[in-house]
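The structure under discussion appears below in the form of structure tokens.
The values are calculated or read from the model by the stated rules, or taken from the named source; none is laboratory data. This one's a predicted model, so the numbers in the text were calculated from it and none came from an experiment. With ideal geometry, Cβ positions are generated from the backbone for all residues, glycine too; neighbour counts draw on all protein chains shown. The protein model used for the area step is the full one, side chains on, heavy atoms only, and it has no ligands, DNA or RNA in it. Shrake-Rupley method; radii C 1.70, N 1.55, O 1.52, S 1.80 Å.
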Amino acid sequence: MSYNNWEDLKNDCKACRRCGLCETRNNVVVGVGNPNSRVMFIGEGPGQNEDLQGEPFVGRGGKLLDKMLAAVHLDRNKNIYIANIVKCRPPQNRDPLPEEQEQCSVWLKAQIELIKPKIIVCLGRIAAMKMFKEDIKITREHGQFFERDGILYMATLHPAAILRNPNSKPAAFQDYLNLQAKISELCPETYDELLN
Ligand code: SF4
């Protein structure tokens, strides 16, 4: 599926029943952010708060993510776009099944086609495995950039994992500093006040 405008994509995604997760969801969590951004963040799937509010990365993990983003001058409402591999919450927050990821990939592909990101940051191992490196060792390889089909990918620790292990925070924050340097090099307009 290919789209040339966001409204159609959003409306079709919100009505999606391509996999069984549609049976238990409260909201389809399409994504949030500035579609003119060249920097995307991709997580695994919505949790309970996200399902209830219809937005990715809300709740404690989301607040931590917003803080780390703010420290490197990124803002979900201004200069990045955040989405998930699956748009509906897997029950009991289990990992999304391969077939659910496969069915839902049409939406993420359409989002990536419209945004044309230069950099994609994967939040957590599952997203990184799906997006660019099936055998990623996230504890060793987070913060490194990998080029795939003209896009630079980086994995970083999932905010929920940082909350579980606060000792990992400095290492995770270094990823955001690496990202800031890469954005300044590849798409400095991200930091332009006038990015619209
Ligand atoms: S998870 Fe994705 S494919 Fe499954 S129903 Fe939701 S939007 Fe559709």
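According to the Kirkwood relation over distinct C-alpha pairs, the hydrodynamic radius of the chain is 16.7 Å.
Please work out, to two decimal places, the log10 of the ratio I(q)/I(0) at q = 0.10, 0.13, 0.21, 0.24 Å⁻¹ from a Debye calculation in which every Cα of the stretch 36-132 carries one identical scatterer. Log10 I(q)/I(0), no solvent term: -0.25, -0.42, -1.15, -1.45. Among ILE85, ILE136, ILE119, the largest mean-square fluctuation in a Gaussian network model of the chain, built with springs joining Cα atoms closer than 10 Å, belongs to ILE136. Across the stretch 45-196, the relative contact order, built from alpha-carbon pairs under 8 Å that are at least six residues apart, equals 23 percent.
Peptide packing: for 142-155, 20-33, the average count of neighbouring Cβ atoms within 10 Å per residue gives the ranking 20-33, 142-155, highest mean first. Of the solvent-accessible surface of the chain, computed with a 1.4 Å probe and all protein chains present, 47% belongs to carbon and sulfur. For VAL58, the amide hydrogen comes within under 5 Å of the amide hydrogens of GLU50, counting only partners 5 or more places away or on other chains and with H modelled in the peptide plane. Once the Kirkwood radius over Cα pairs is known for the stretch 1-60, the Stokes-Einstein relation at 10 °C and 1.306 mPa s delivers a diffusion coefficient of 124 µm²/s.
Length available on full extension from GLU193 to LYS67: 0.36 nm per residue minus the Cα-Cα distance, which gives 43.4 nm.
Considering Cα pairs under 8 angstrom that are at least six residues apart, work out the relative contact order of the stretch 82-165 and quote it in whole percent.
Details: 85 pairs, mean separation 21.8, N = 84.
With pairs under 8 Å counted, the relative contact order is 26 percent.
Put a dot 7 Å past the Cα of ASN36, heading toward its Cβ, do the same for ASP149, and the two dots end up 2.6 nm apart.
Taking the solvent-accessible surface of protein heavy atoms with a 1.4 Å probe, what is the per residue accessible area of the stretch 64-195 in Å²?
Details: 6490 Å² over 132 residues.
Averaged over the residues of the stretch 64-195, the accessible area is 49 Å².
Computed extension length for ARG140-GLU185: 13.8 nm, one decimal, from 0.36 nm per residue of separation with the Cα-Cα distance subtracted.
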